[in-house]
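Comments concern the structure below.
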């Protein structure tokens, strides 16, 4: 398992829209690499008989019935929005393209 | 302008395409919360902490959405995974309140299927399905300022009513071998998916409302030289045209992209692997973001949701609810109804098949049901700018109307008047016939009186008839029909005329 590079951290920061200085990158690259390497040790310990798992609790199919429940009012929905207009959330100009 | 055309592009290159279809499910509630899933409500009135992504809120899977996804998967011949899970797809865009979309990534619920699509000339083309997975829809952005598009907008407004609505995304394998019929096959594929979701009753299938939406991938590769296997030729770089939301637009988008890419390739320029936007008004695409660097969604398993593990018994039970494949059903109905190719195609294009079928089930003869839906009612729908099923008339009404004609209570002309009454909200055909007094005059004495009057008024015609020119009776029939305001049975009138004239018909 290879360690985390500084360029990986810069890329992840950009994807997560986190603004990082060069000093931040220097400092966090080392710290994050140590964390990733530690977690990677688990893979060494786990034998072939331990399947990869995403959920620690052995539960499944926790569903709900398709029954309508009350929604928020428009006023309540918009109450904590920084800005609203015409019953909608007002957001800054979108520079990127539609995903 | 280049002289490149779709046909020329297809002569020189071998097209490979793929389609992603998003189907909006018609569950009562959203995918992960109990907000109503309904089109057209006031903005932000069908939202709650879950679909607004407020801190501390937790999603819970809608059981009906899982059922719909499995039924759709089974209809596409897919295997249903014994254990599937949700994943977070991370990206920043204001129509996603959480900054991620809950989707499925490495363990989609439905995988590896295939679907036969039938082209207009009856040729069958098999499309390989890679997967059909569950996810949630995004909210709706309105761009303010500029020209209403994203470019030049001063800001945007977001309505999250659609955010969290359940979707099934169906992804094909790369489709090869369609050649010059690529655009047709793509269109037929999406039409087939639309028909299937409607037949399953899991979506209204309305492309104009965005209930079925398609993204179209296309690439061109060189044609194999003699002795070379076309399948051994590597794929070219592809473009992905987003949100192509009508059947016609799918064909047009493929025509445009094939032409554009062929032009680039022949000029020795590279095709860039990228997302492109479809413009309905100009029938063209423009570059969106380039895929190579921008796309990294950092998928990871959704920790707030548990795996979906449908029991084999449930899956088999659902398999038992899958209706007949629409293409097979059409072939069967065409045969049963003795429709011509044109009759059938017109009925399908008018989306009238199930209305005709329901009318037939209610007792109407197939040709009669077709005549009403494709004639008078199609005209009315067109005049009113609505679809057939939006008209205030039911298949039962049509069957009843035709029944009244068949019984001789009314003739065709009166039936059209009765239908007008039904469309005006005056009640069932029988009620309208009653209230408007439309019944055919079948009382012979009344008809005889009218015939006598008409014959007396036109003695020359009577002479002609008696002279053997039986066709002259038409003038008298017309006069009697006029006198009875169209309420006489023309056949019976003619019989009476001939009797009175002493001539046997």
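Data table
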| item | result |
| --- | --- |
| Residue within segment A:82-90 that is touching a residue at least 12 places away in the same chain (Cβ under 8 Å), within 7 Å of chain B (Cβ to nearest Cβ) and touching a helix residue (DSSP H, G or I) at 6+ places or on another chain (Cβ under 7 Å) present | yes |
| Condition broken by residue B:345, with the remaining ones in (1) assigned to a helix (DSSP H, G or I); (2) out of contact with any helix residue (DSSP H, G or I) (no Cβ under 9 Å at 6 or more places or on another chain); (3) free of Cβ contacts under 8 Å to residues at least 40 places away in the same chain satisfied | (3) |
| Residue check, residue A:51 under 22 Å from residue B:83 (Cβ atoms), facing chain B (nearest Cβ under 10 Å), modelled with pLDDT under 85 and loosely packed, with under 12 Cβ neighbours inside 10 Å | no |
| Some residue of segment B:384-397 being surrounded by 18 or more Cβ atoms within 10 Å (Cβ to Cβ), under 29 Å from residue B:492 (Cα atoms) and out of contact with any strand residue (DSSP E or B) (no Cβ under 6 Å at 6 or more places or on another chain) | yes |
| Any hit, segment B:286-298, residues being within 30 Å of residue A:55 (Cβ to Cβ) and either surrounded by 15 or more Cβ atoms within 10 Å (Cβ to Cβ) or more than 14 Å from chain A (Cβ to nearest Cβ) (or both) | yes |
| Conditions (1) within 14 Å of chain B (Cβ to nearest Cβ); (2) surrounded by fewer than 12 Cβ atoms within 10 Å (Cβ to Cβ); number of the one not met by residue A:93 | (2) |
| In segment B:196-243, the residues that are under 21 Å from residue B:64 (Cβ atoms) and assigned to a helix (DSSP H, G or I) | B:196, B:197, B:198, B:199, B:200, B:209 |
| Of all residues making up segment B:369-411, the number that are in a helix (DSSP H, G or I) and closer than 20 Å to residue B:438 by Cα | 14 |
| Lone qualifier among B:126, B:182, B:172 - being crowded, with 17+ Cβ neighbours inside 10 Å, modelled with pLDDT of 95 or more and more than 26 Å from residue B:299 (Cβ to Cβ) | B:182 |
| Among (1) within 26 Å of residue B:86 (Cα to Cα); (2) buried (at least 19 other Cβ atoms within 10 Å of the Cβ) - the single one residue B:278 does not satisfy | (1) |
| Failed condition for residue B:198, given (1) at negative phi; (2) touching a strand residue (DSSP E or B) at 6+ places or on another chain (Cβ under 9 Å) | (2) |
| Filter result for residue B:60 (within 11 Å of chain A (Cβ to nearest Cβ), touching a strand residue (DSSP E or B) at 6+ places or on another chain (Cβ under 6 Å) and closer than 21 Å to residue B:103 by Cα) | yes |
| Segment B:152-169 - residue that is more than 15 Å from residue B:113 (Cα to Cα) and part of a strand (DSSP E or B) and, of those, modelled with the lowest pLDDT | B:155 |
| Members of segment B:1-21 found to be crowded, with 20+ Cβ neighbours inside 10 Å and part of a strand (DSSP E or B), listed by number | B:13, B:14, B:15, B:16, B:17, B:18, B:19, B:21 |
| Residue check for residue B:17: modelled with pLDDT under 95 and under 26 Å from the mean Cα position of the chain (by Cα) | no |
| Test result for residue B:222, more than 24 Å from residue B:27 (Cα to Cα), touching a residue at least 40 places away in the same chain (Cβ under 8 Å) and within 26 Å of the chain's Cα centre (by Cα) | no |
| Sole residue being surrounded by 14 or more Cβ atoms within 10 Å (Cβ to Cβ) and more than 48 Å from the chain's Cα centre (by Cα), chosen from B:488, B:483, B:450, B:463 | B:450 |
| Matching option when the condition is within 12 Å of the chain's Cα centre (by Cα) and in contact (Cβ under 8 Å) with a residue 24 or more places away in the chain, among B:186, B:180, B:199 | B:199 |
| Residue B:414 vs. criteria touching a residue at least 60 places away in the same chain (Cβ under 8 Å), over 22 Å from residue B:502 (Cβ atoms), assigned by TED's automatic domain parsing to the domain that holds residue B:372 and outside any loop (DSSP other than H, G, I, E, B) | yes |
| Meets criteria (in contact with a helix residue (DSSP H, G or I) (Cβ under 8 Å, 6 or more places away or on another chain), crowded, with 22+ Cβ neighbours inside 10 Å and within 20 Å of residue B:275 (Cβ to Cβ)) for residue B:197 | no |
| Test: residue B:66 is more than 14 Å from every other protein chain (Cβ to nearest Cβ), in contact (Cβ under 8 Å) with a residue 60 or more places away in the chain and touching a strand residue (DSSP E or B) at 6+ places or on another chain (Cβ under 9 Å) | no |
| Test: residue in segment A:59-70 that is at pLDDT 85 or above, more than 9 Å from chain B (Cβ to nearest Cβ) and closer than 30 Å to residue B:45 by Cα | no |
| Checklist (1) free of Cβ contacts under 8 Å to residues at least 60 places away in the same chain; (2) under 22 Å from residue B:405 (Cα atoms) applied to residue B:486, failing item | (1) |
| Failed item in (1) modelled with pLDDT of 95 or more; (2) under 15 Å from residue B:166 (Cβ atoms); (3) surrounded by fewer than 20 Cβ atoms within 10 Å (Cβ to Cβ), with residue B:42 passing the rest | (2) |
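A quick yes/no check of all residues on (1) touching a residue at least 60 places away in the same chain (Cβ under 8 Å); (2) in contact with a strand residue (DSSP E or B) (Cβ under 9 Å, 6 or more places away or on another chain); (3) surrounded by 11 or more Cβ atoms within 10 Å (Cβ to Cβ):
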site	(1), (2), (3)
A:24	no, no, yes
A:27	no, no, yes
A:36	no, no, yes
A:41	no, no, no
A:47	no, no, no
A:60	no, yes, yes
A:63	no, yes, yes
A:70	no, no, no
A:78	no, yes, yes
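The values are calculated or read from the model by the stated rules, or taken from the named source; none is laboratory data. Note that the structure is a prediction, hence the values are computed from the model and not measured. Glycine gets a Cβ as well: all are built from the backbone with ideal geometry, and neighbour counts include every protein chain shown.
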